[in-house]
Amino acid sequence: MTTIETNKKFKCPFTPAIIDFTKEPKIPEHHKIHLHNSHMGIKQLSHMEFALFTTWQQKEGKIVDGGEIYRKLLSKVLYPANLLDHFLLHPEDIPDELKGDEKKPIYTFFWGTYYMNSDLQYCVRGIYFKDHQWKECIHAFDPYDLEKDESWPSNCLALIEA
């Protein structure tokens, strides 16, 4: 099984791709953008440095609520879903550090954009690698009510700026 290394800096394979964070990312059906971090501007992908973030509870293999992750991420620089959209269109640009393994894939979430679904739940989009391909996922969280919050297992990580 692959060990998930958090807080270790890594980059994408060299690519001339430019990511425009000022543009609106893809909006899933029955969702609307609630918050989008557009202040990152326009960046060349190969110049960006990444790290994976997880809470100490997740590092110990525990399941935590999304609101707890949300609060811990408030002091971090978070990558918006524009980067996720690029990765889905160009999977060759996805760093190997996001793969995990077939038995326990890494679910990497892009907390720089979060959405609200038709049930008025906050959600973030992410990617994971399974069955030899990259797939998109979306997961709900509640920053205010921990009693009704969704659970986030230890392999659900946030992509942050290193």
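Summary table
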| item | result |
| --- | --- |
| Residue-averaged 222 nm ellipticity for the chain, from DSSP H runs of 4+ at -39500 (n - 2.57), nearest 500 | -3000 deg cm²/dmol |
| In Hz, Karplus ³J(HN,Hα) per residue of the stretch 66-81 (6.51, -1.76, 1.60; θ = phi - 60°; x = Gly, Pro) | x, x, 5, 4, 3, 5, 5, 7, 4, 9, 9, 8, 9, 7, x, 5 |
| Out-of-range pairs (alpha-carbon distance over 24 Å; input LYS32/LYS130; LYS26/LYS59; LYS43/LYS130; LYS8/LYS43; LYS11/LYS99; LYS23/LYS59) | LYS32/LYS130; LYS26/LYS59; LYS43/LYS130; LYS23/LYS59 |
| Exposed-loop-free span, longest in the chain, where trypsin sites (Lys or Arg not before Pro) count as exposed if DSSP calls them loop and at most 11 other C-beta atoms lie within 10 Å | 10-102 |
| Loop-exposed chymotrypsin sites (Phe, Trp or Tyr not before Pro) per DSSP, neighbour cap 16 Cβ within 10 angstrom, longest uninterrupted part of the chain | 15-143 |
| Fully extended contour minus Cα-Cα distance, from SER75 to ASP96, at 0.36 nm per residue | 5.0 nm |
| Per principal axis, descending, Cα span of the chain in whole Å | 45, 36, 31 |
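Laboratory data are not the source of any read-out in this text; all were calculated from the coordinates shown. As the structure is a computational prediction, the values presented were derived from the model and not from experiment. All Cβ positions, glycine included, derive from the backbone under ideal geometry; neighbour counts span all protein chains shown.
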